[in-house]
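For reference, the structure discussed in these notes is given below.
The values are calculated or read from the model by the stated rules, or taken from the named source; none is laboratory data. Source: prediction; values computed, not measured. Note: ideal-geometry Cβ built from the backbone for every residue, glycine included; neighbour counts use all protein chains shown.
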Amino acid sequence: MIAFRPALTAAVAGFALVLGTPAQAADVHVAPGATSLIEAVAKAAPGDRLLLAAGTHAGPLVIDKRLTLEGAAGAVVDAGGTGTVVKILAPDVAVRGLTLRNSGKRGEDFDSGIYIEQGADRPLIERNILENNLFGIVLHGCKDALVRGNRIANRNDLWLNDRGNGIHIWNTTGSRIEANEVVGGRDGVYIEISHGNVIHGNRLERLRFAVHYMYANRNEVTGNVSIRNHVGFALMYSDRLKVFRNVSVGDLQHGLMLHTTHHAEAAENYVYGTGEKCLFVYTSTSNDIHDNRLEQCGIGVHFTGGSENNKFYGNSFLANETQVKYTGLKHYEWSKDGRGNYWSDNPAFDLDGDGIADTAYRPNSLVDWMLWRYPLSKLLVSSPAIATLRYVQQQFPTLYPGGAIDSFPLMQPKEPRAALPQGVDLTPAPRDPAQMAADARPSM
């Protein structure tokens, strides 16, 4: 048998020459115009690269084969207010270096700058500018997408809930969303029923939610920056998330929210100047919340009954109007292995110099509890009766209501791993609900 192998190889080679070889992928130069791009896509062979010259190319455009669309500086694809600018129906499509603008505004059709359908796996979407579209980029069931370095400015001339998301992810796995900028629209990154994805290094401004999770498990949210949105990171109905080194600056309502989220780890995040709450934990259990910096918010952390078995340690609570809000009667220990949290309003001493305060810290007093339960009692906050109540509680610690007890409070805050962004207004957000309503109005 070995003696016949050279002859067999030669026969196979000759047979291939008779049948012909597949055509090589080609570079196709596309001039601007009303139909030239649509015609070029129709004529292109799978694997071709379409190089769009500077100028305006007419859309909408449907790509149903493996192609690369690449734009020279100033290359624009304009849908003229109808449908989706570029709709991708085939796997292994790349779109880079283009300006994509003027989609339709039908939310039920996901009119967008780029729409990627289920089965169109492994798309590469990079270094594009998407502007004046309803949605920016929609991943609708595809797998292993890479979306990076895009700038998205969606329509803001609609009521907030009628706007589209910057990057909309549904039923997607194995995808990476990184180094994108989203300014305006509804949510910066919205992810639903999508598992095993990474959202990293994105900058998200003037939105409802910067990152919005719904029923999406085992994902990573790392190194993102939320600037003056209604809510920074809304992690809802999702399990086993890794939430590391994100930054929230001047968000109006919540910097970081865990809503019915379980077995997540939130660490080394920096929330600064939120109008209402740095961190809101609502019916979320078995989460590991550590080494976060929560600074100059209305409330450092608000956690609710039903949020059981959460670990709080190594966090720094600095200059919040209220460090912790909890109105229940159960006591929670907020330390781990002899390491608690730093509290900027804790006047304790450290006589042995081990970096741990000599006495436990209780952020909730009877006065706090009463003010939260009965807001009208704020009228009496300076009265002799309230002063007496504070004094009596200091003498009898057993009178403290339920809430956090830090048995090993730290004497120094930990330096943040995540830094505040440069060139951003660091004035804390207004603590006025009317401001949120005004921000939701259309900008004409």
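Brief remarks on what is shown
Conditions (1) at pLDDT 95 or above; (2) of a type outside the set (S, T, N, Q); (3) in a helix (DSSP H, G or I); (4) touching a strand residue (DSSP E or B) at 6+ places or on another chain (Cβ under 8 Å), marked per residue:
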| residue | (1), (2), (3), (4) |
| --- | --- |
| Phe4 | no, yes, yes, no |
| Ala7 | no, yes, yes, no |
| Phe15 | no, yes, yes, no |
| Ala23 | no, yes, no, no |
| Ala40 | yes, yes, yes, yes |
| Ala73 | yes, yes, no, no |
| Gly80 | yes, yes, no, yes |
| Thr84 | yes, no, no, yes |
| Asp92 | yes, yes, no, no |
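- Within the range 296-310, considering residues that are among the β-branched types (Val, Ile, Thr) and modelled with pLDDT of 90 or more, the one nearest to Lys330 (Cα to Cα): Val301
- Put simply, of Asn341, Asn346 the only residue that is surrounded by 16 or more Cβ atoms within 10 Å (Cβ to Cβ), modelled with pLDDT of 90 or more, closer than 29 Å to Gly305 by Cα and of a type in the set (S, T, N, Q) is Asn341.
The rows are residues; the columns are (1) more than 15 Å from Asn128 (Cα to Cα); (2) buried (at least 18 other Cβ atoms within 10 Å of the Cβ); (3) touching a residue at least 60 places away in the same chain (Cβ under 8 Å).
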| position | (1), (2), (3) |
| --- | --- |
| Ala54 | no, no, no |
| Pro60 | yes, yes, no |
| Asp64 | yes, no, no |
| Leu69 | no, yes, no |
| Ala72 | no, no, no |
| Ala75 | no, yes, no |
| Gly80 | yes, no, no |
| Ala90 | yes, yes, no |
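- In the range 286-298, the residue that is surrounded by the fewest Cβ atoms within 10 Å (Cβ to Cβ) out of those that are within 19 Å of Pro347 (Cα to Cα) and more than 19 Å from the chain's Cα centre (by Cα) is Gln296.
- Condition check for Phe349: in a strand (DSSP E or B) and among the aromatic types (Phe, Trp, Tyr): no
- Residue within the range 203-210 that is in contact with a Lys or Arg (Cβ under 8 Å, 6 or more places away or on another chain), small (Gly, Ala, Ser) and crowded, with 24+ Cβ neighbours inside 10 Å present: no
- Residue within the range 113-120 that is within 13 Å of Val85 (Cβ to Cβ) and of a type in the set (Asp, Glu) present: no
- Cys297 being under 19 Å from Arg228 (Cα atoms), in contact (Cβ under 8 Å) with a residue 40 or more places away in the chain and not in a strand (DSSP E or B): yes
- Filter result for Thr274 (of a type outside the set (A, V, I, L, M, F, W, C) and at pLDDT below 95): no
- Selection status of Gly223, on the phi > 0 side of the Ramachandran plot and touching a Pro at 6+ places or on another chain (Cβ under 8 Å): no
- Single match in Thr274, Thr283, Thr322 (criterion: of a type in the set (Ser, Thr, Tyr) and surrounded by 24 or more Cβ atoms within 10 Å (Cβ to Cβ)): Thr274
- Tally, over the range 98-121, of residues that are more than 18 Å from Gly164 (Cβ to Cβ) and either among the acidic types (Asp, Glu) or crowded, with 17+ Cβ neighbours inside 10 Å (or both): 3
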